[in-house]
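Report on one structure; see the data block that follows.
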Amino acid sequence: MKEQVKLHQEREASGLALIPLLFFIVIYLGVGIVLHSKGVEMAFYQFPSVVAMTIAVILAFLMYHKTGIDNNFKLFARGAGDENIMTMLMIFLLAGAFSSVAGAMGGVSSTANLGLAIIPPRFIVPGIFIIAAFLSTATGTSMGTVGAIVPIAYNMAKTADLNMSFVVAAVLTGAMFGDNLSMISDTTIAATRTQGVDLKDKFKTNAWISIPSALITLSLMVIFSKGGTVTGNLDYNLIKVVPYVLVLGLALLGLNVFAVLIIGIISASAVGVGTGAIGLMEVAAKIWTGYQGMIEVFILSMFVGGLAELTKHYGGLKWIIDKTSKLLKGPKSASVGIAALAALTDAATANNTVAIIVTGEIAKEISEKYKIDPRRTASFLDIFSCIMQGFIPYGAQFLLIASLTKNAVNPTSMIPYNWYLIILGIMSLISVVLPSYNRVVCKGEWNWENMKPEQEVEKQ
């Protein structure tokens, strides 16, 4: 008679339960390394992450076949259909739809050109950083920002005889600023949902580290950059910038993220149709295109949620907690451990969203064990996965830059100019040792009994 699995009860700690997850990382990274050595373009994106995860899930089912496929599927389905996972999936779809519609109606180019048109020549490099930071924060995508601004920045650097690596690094790091901070970024969505915190709370916590880091970076850019001349046709339409400003503003005011994104889609559609940039039928097509753009991360998130539940049930997460307890001596070292976990996973998967989804459950367990404010944990997952993403030459951002500049910019020549990411990492680690962090940055302690910020509990 097959063993009956108690779905509500975890087993004893077992490192073997981690094998499927590790297998996913190894196969995904291994294929990328082999293809990269053969000179294949976008080598780390040739083998779909969803397929690698499917193989890992099958391996998990085979490992525990004695407990019965029905019981294992119940565990898998429970994890895949978790409330946080389903909420995250819906936000992914709406964010993709907004980005697609807003881009189709010319919002990205108008926003970028508007910023470049008003930059004084003396401040081209810091100005490009600001534009990239704003655009990525408003759109929630570093790839879209890189794609929109790098061609313009590249031509400006050539015309004005500026340091090409410095200029393009300003675009990359500005793009990573928004990828990390934006409330409609898939990394933010993944980090907040896996840790069970509100988007606005993570934003506030994150901003106290990101914005000072950006200001320090801007100061250094002003000091060490030289002026140039903005050239070319910089057409823009102010009305096309409005949907981005609206989404950013409403999100900052704390409006429900679903409402924010729906309003964003409606406003972008209205602007697009009103200006004649897109037709009404095309709006529907672009929304669907946005959904399609999120299919990979959508499926991957469900599979990771299911595999995480299997891993947790069979003692994998408990094993990690037991082992890390011997290395981690308290909340401060545990926070550093979470940061390292996110960074290393991103280096292995070359995708910061995947890294957060993969490590989210483990980070949550560590956070609860050491009573680390989950708002900090969510911020650290996002911050350090984005930092690593901005340093790996095989990451999608670097590969896109190489393509847009026709390989004129070498990733290794850009890395020394990634000042913002370096400063962001330093500021984040400094925040760990400051006893006033939760009081000032998180705006109050976390109430572990109610799993809410203390001030919200007091209001109730």
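The values are calculated or read from the model by the stated rules, or taken from the named source; none is laboratory data. Computed from a prediction, not measured in an experiment: that's the story for all the values here. Cβ: placed from backbone, ideal geometry, glycine included. Neighbour counts: every protein chain shown. Quick note on the areas: whole protein, heavy atoms, side chains included, nothing else; ligands and nucleic acids left out. Shrake-Rupley method; radii C 1.70, N 1.55, O 1.52, S 1.80 Å.
In the frame of its principal axes, segment 58-161 has Cα extents of 69, 27, 19 Å, reported largest first.
Shown for segment 238-371 is the translational diffusion coefficient from the Stokes-Einstein equation, using the Kirkwood radius over Cα pairs, a temperature of 37 °C and a viscosity of 0.692 mPa s: 181 µm²/s. Our summary of shape: the Cα atoms of segment 164-212 have principal axis extents of 42, 21, 13 Å, ordered from largest down, in whole angstrom. Note on segment 88-215: Kirkwood hydrodynamic radius from all Cα pairs is 15.1 Å, rounded to one decimal. Computed over segment 332-403, the quotient of the alpha carbon radius of gyration and 2.2 N^0.38 Å is 1.13.
Modelled label positions at residue 369 and residue 118, each set 7 Å beyond Cα in the direction of Cβ, lie 5.0 nm from each other.
Relative to the longest principal axis of the Cα atoms of the chain, helix 316-325 runs at roughly 80 degrees.
So for the chain, considering every pair of alpha-carbon atoms, how many percent are separated by more than 44 Å? Cα-Cα pairs of the chain separated by over 44 Å account for 11 percent.
With axes computed from alpha carbons, what is the tilt in degrees of helix 257-275 against the longest principal axis of the chain, rounded to the nearest 10 within 0 to 90? So the helix axis and the longest Cα principal axis differ by about 30 degrees.
Using the 1.4 Å probe convention, the accessible area of the chain works out to 42 Å² per residue with neighbouring protein chains retained. The angle separating the long axis of helix 242-252 from the principal Cα axis of greatest extent in the chain is about 40 degrees.
Helix-only arithmetic for the chain: the sum of -39500 (n - 2.57) across DSSP H runs with n ≥ 4, divided by the residue total, places the mean residue ellipticity at 222 nm at -23500 deg cm²/dmol. Its Cα centre serving as origin, the chain has a Cβ charge dipole (Lys and Arg +1, Asp and Glu -1) of approximately 540 debye. Using a 1.4 Å probe over the heavy atoms of the protein chains, calculate the carbon and sulfur portion of the accessible area of the chain as a whole percent. Accessible surface attributable to carbon and sulfur in the chain totals 65 percent.
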